[in-house]
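Bear in mind these aren't lab numbers, they're just calculated from the coordinates by the rules spelled out. Please read these numbers as outputs of a predicted model, since none were measured by experiment. All Cβ positions, glycine included, derive from the backbone under ideal geometry; neighbour counts span all protein chains shown.
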């Protein structure tokens, strides 16, 4: 589904990704772990198409198509979702307005009919309930005044409504307490664990992986994957630290 | 060629105005052609239509009369040209005008001068919307007097095709009177807005500001002075400017607190959004305070759309133009959402929306 080949990328002229290769098939959940500065967030932003993250070599295919040739909004319409480590606050734009605009923009690009206001509200209510968010919160401006945990749950509400085929989740577990971690983890399972979908889960810690069991675990260090394995690799990292495993 | 004495940009109060088109516009002849569809808001109430500064036949002007006015524009270079003949709305004690008073000013290409007077007696209430369309030079002076406890909502839309609109206001508010004014510039052509609001009576309240939207080579220039004289008076000034292309939006907003005007509470918020790096936004907040027990807050910012927010919207599938329009709409909404009456607010929102539809 997603094929990353020998990806090199720079930020402000500094090389961050140095020949990263990774294949994620449909129905799979891959966890990417690694120390600070390994390039995890850069990988997420490069896949999401953030300006300022320049690919200097390599390629990324999404369903066989050149992902890097698409603009950020085109990638979203193609089915890619980027869960932000630091979701952005947007004063003056309500969550509901933002999400309905986003959903319908994607549907238009795909040649699908727009979702009516009534149907959209039903979808929003359903997703909010699944993530312990109130509709009142969705009426408020995007992420404004939300706690760290609420912002992450809001990312999952967005993912539920947009219903992507591929999610890149950048440290979705950071800033969550134990209860919120469970709600978010179960949300990821409910929305994304399907044979026609896949997830790239970027995380520092094992605890999210106890809820969202990965099929594959990769260790990222200095901009490339230095080790790959099954779920047991995450446990080994937790026990022994990155230093021992990534060396 | 008529003789027109205009201030120069060397004068501080006129430094950001571009009056260079006025001499030529002053000599143009109006066509007299009125559009078939006029921008009335679907609301009950008196409607008054002025074409080139003269009342058109057949409109229901309700309590408004056309007469010689007892007002003075002082030495204001443009306001004094508005003359002394015009429209007058006078409401007695406890009177509310029947519904929303709407005035549409159509200019058909020539110079068009008109004065107005709004005078509300104790506890009277009125809500007025003035809409300006057409071309040429439209010049207005409006004098407002609000007696004790009177309330006036005065909202204006500039939806012109081209030319220049100069609107000057002078308002005096008595004890506990309240004035809420929002001006939306969402058309083409240039403008100069002048306002002087005097909070003369104790506990008088004024909220004034609006949204200036400009593109191409448009120039909007707003100058507002709120003069706190009474005890415990309150003012709120909120302006939002958006400039695209080579356009210029300028806001000079001043708060004056007179000696003895204790417990004055004034806030200013001037924000500008540059939709292009070739555009210009000028913001000049000023405070002049001669009392010691007052609360005055001011803030002025000029910037571009937040890149992080833009990427966030795009990462959810919203195309660049739509993402920019959504963020710009949110920026402008602060100014328009203050309008209390839903039908008026919706109409102003729709006008801003039409303008934003063209943000590149």
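Computed values, structure above
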| item | result |
| --- | --- |
| Relative packing of B:69-78, B:100-109, which averages over residues the other C-beta atoms within 10 Å, highest first | B:100-109, B:69-78 |
| P(r), alpha carbons of region B:293-360 - 5 Å bins starting at zero, rounded % | 3, 14, 20, 18, 17, 14, 8, 3, 2, 1, 0 |
| Gaussian network model of chain B, springs between alpha carbon atoms under 10 Å - residue of B:24, B:130, B:207 with greatest fluctuation | B:24 |
| Relative packing of A:59-68, B:311-320, B:347-356, which averages over residues the other C-beta atoms within 10 Å, highest first | B:311-320, B:347-356, A:59-68 |
| Relative frequency of Cα-Cα separations exceeding 15 Å in region B:1-71, percent | 72 |
| Three-way shape label, region B:29-175, alpha-carbon gyration tensor, a/c 1.5 | oblate |
| Percent RCO, i.e. relative contact order, over chain B, from Cα pairs under 8 Å lying at least 6 residues apart | 10 |
| Residues A:139, B:324 arranged by fewest to most Cβ contacts within 10 Å | A:139, B:324 |
| Exposure proxy order (Cβ contacts within 10 Å, fewest to most) of B:286, B:12 | B:12, B:286 |
| Rel. contact order, % - alpha carbon contacts under 8 angstrom, at least six apart, chain A | 28 |
| Kirkwood Rh, Cα atoms: Rg over Rh of chain A | 0.96 |
| Per-residue mean of C-beta atoms belonging to partner chains within 10 Å, peptide A:67-73 | 4 |
| Value of D in µm² per second that Stokes-Einstein yields for chain B, Kirkwood Rh from Cα pairs, at 20 °C (1.002 mPa s) | 104 |
| Between 0 and 90°, nearest 10: helix A:178-192 axis offset from chain A longest Cα axis | 80 |
| Relative contact order computed over region B:203-284 (Cα-Cα under 8 Å; 6+ residues apart), in percent | 35 |
| Cα-based shape type of region B:47-128, given that a ≥ b ≥ c are square roots of the gyration tensor eigenvalues and the cut on a/c is 1.5 | oblate |
| Debye-sum result for region A:52-153 in log10 I(q)/I(0), which assumes one identical scatterer on each alpha carbon, at q = 0.10, 0.18, 0.24, 0.25 Å⁻¹ | -0.36, -1.01, -1.33, -1.37 |
| Rg/Rg_globular for region A:113-247, with Rg_globular taken as 2.2 N^0.38 Å and Rg from C-alpha atoms | 1.18 |
| With Cα atoms, 0 to 90° folded angle of helix A:231-246 axis to chain A main axis | 50 |
| For the protein assembly as shown: rounded, prolate or oblate by the Cα gyration tensor [a/c cutoff 1.5] | prolate |
| Chain A: angle of helix A:117-130 to the longest principal axis, Cα-based, in degrees nearest 10 | 50 |
| Inter-chain shielding of A:86-96 (mean C-beta neighbours from other protein chains, 10 Å cut-off) | 5 |
| Region B:141-208: Cα Rg divided by the 2.2 N^0.38 Å rule of thumb | 1.23 |
| For B:122-135, mean number of other protein chain Cβ atoms within 10 Å | 0 |
| Rh (Kirkwood; distinct C-alpha pairs) - region B:215-360, Å | 16.8 |
| Residue A:134/residue B:307 FRET efficiency (R0 30 Å; Cβ-Cβ; nearest 0.05) | 0.50 |
| Rounded to 5, percent antiparallel among DSSP beta bridges of the protein assembly as shown | 20 |
| Order by protection proxy (mean Cβ within 10 Å, highest first), peptides A:21-33, B:292-304 | A:21-33, B:292-304 |
| Net length gained if the chain between residue B:72 and residue B:286 were fully extended (0.36 nm per residue, minus Cα distance) | 74.5 nm |
| Distance (nanometres) between label positions extended 7 Å along Cα→Cβ at residue B:263 and residue A:21 | 7.8 |
| Kirkwood-based shape ratio for region A:172-247, expressed as Rg/Rh from alpha carbons | 0.98 |
| For the protein assembly as shown, calculated [θ]222 nm from helices alone, where every DSSP H run of n ≥ 4 adds -39500 (n - 2.57) | -7500 deg cm²/dmol |
